[in-house]
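Bear in mind these aren't lab numbers, they're just calculated from the coordinates by the rules spelled out. Please read all numbers here as calculations on a predicted model, not as lab measurements. Note that each Cβ is placed from the backbone with ideal geometry, even for glycine, and that neighbours are counted across all protein chains shown.
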Amino acid sequence: MSAQPCDAVLFDLDGTLIDSAPDLAGAANDLRAARGLPPLPFDALRPMVGAGARGMVGVAFGARPGDAPYDALRDAFLALYAQRLLAHTRVFDTMLPVLDALERTGLRWGIVTNKLARFTEPIVDGLALRGRIGALVCGDTTAHAKPHPAPLFEAARQLGLSAARCLYVGDDLRDVQAGRAAGMATLAAGWGYLGEGPAVHDWGADAVLDTPPALLSWLRVA
């Protein structure tokens, strides 16, 4: 699919806009250490960072929601993560000029994430993004999280746009599902964490971008 007119670009946060894997994986290994377990290799943890606590606890301890130890492990993980939100987390280096280019051309942008507000907002502030975004929707902003389209409709509402005039970029199958359900053009961030399950080219996105600058080419923005 070729580029279609849009007035705003919405980004998933972890793995799309920012590289938070070092801190999320670090918190998982902190929790393993607290329980007398050796650290896991970063490469084993990174793919599931986009799934947040569920992904990290799943990889680090083999526990899933509904398992007896899961809730306690999740809460302990989140407490440790809260202590290191910005220790190593950064906007992807190659994303920074993309954001600058969008702003130069008058395209507004925002963030739609399943990350809870109590973690998202300090990160957005700490990375000096608050004054640049036109919309911020967290995992607890609406009654439903992605893959439900409600968060994307809320972002469009904050921007004063119809959803059809927005583009969504994300690095998880749920992002593509949510974007399509909201009637948005949806691009897969091939540089992201990508999760488990179907390969990124099988998600049904309008395109798979290998790098952040490819977004500008897709939008035909200089």
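Brief remarks on what is shown
- Residue with peak Gaussian network fluctuation, the chain [Cα springs, cutoff 10 Å], from Leu45, Leu37, Leu24: Leu37
- Each residue in Tyr168, Tyr193 was given a count of other beta-carbon atoms within 10 angstrom of its own, and listing them fewest first yields Tyr193, Tyr168.
- Taking 0.36 nm per residue of separation and subtracting the Cα-Cα distance, full extension of the segment from Arg220 to Ser162 would add 18.8 nm.
- Between the alpha-carbon centres of the range 113-192 and the range 207-222 there is a gap of 18 Å.
- Rounded D (µm²/s) - the range 65-152, Kirkwood Rh over Cα pairs, Stokes-Einstein at 4 °C, 1.567 mPa s: 87
- Dimensionless Rg/Rh of the chain - Kirkwood Rh, Rg from C-alpha atoms: 0.97
- Top of Ala60, Ala185, Ala21 by mean-square fluctuation, Gaussian network on the chain, Cα under 10 Å: Ala60
- The ellipsoid equivalent to the alpha-carbon distribution of the range 21-82 has semi-axes of 15, 13, 11 angstrom, derived from the gyration tensor eigenvalues as √(5λ) and listed largest first.
- The range 128-194 - Rg and Dmax from Cα coordinates, angstrom: 11.6, 31
- Look at Val112, Val98 and count the other Cβ atoms within 10 Å of each Cβ; fewest to most, that gives Val98, Val112.
- Mean separation of Cα pairs under 8 Å and 6 or more residues apart, divided by the residue count, gives the range 21-82 a relative contact order of 36 percent.
- Residue with peak Gaussian network fluctuation, the chain [Cα springs, cutoff 10 Å], from Leu136, Leu96, Leu167: Leu96
- Counting DSSP beta bridges with both ends in the chain, the antiparallel % (nearest 5): 10
- When Glu121, Glu103 are arranged by Cβ crowding within 10 Å, least crowded first, meaning fewest neighbours, the order is Glu103, Glu121.
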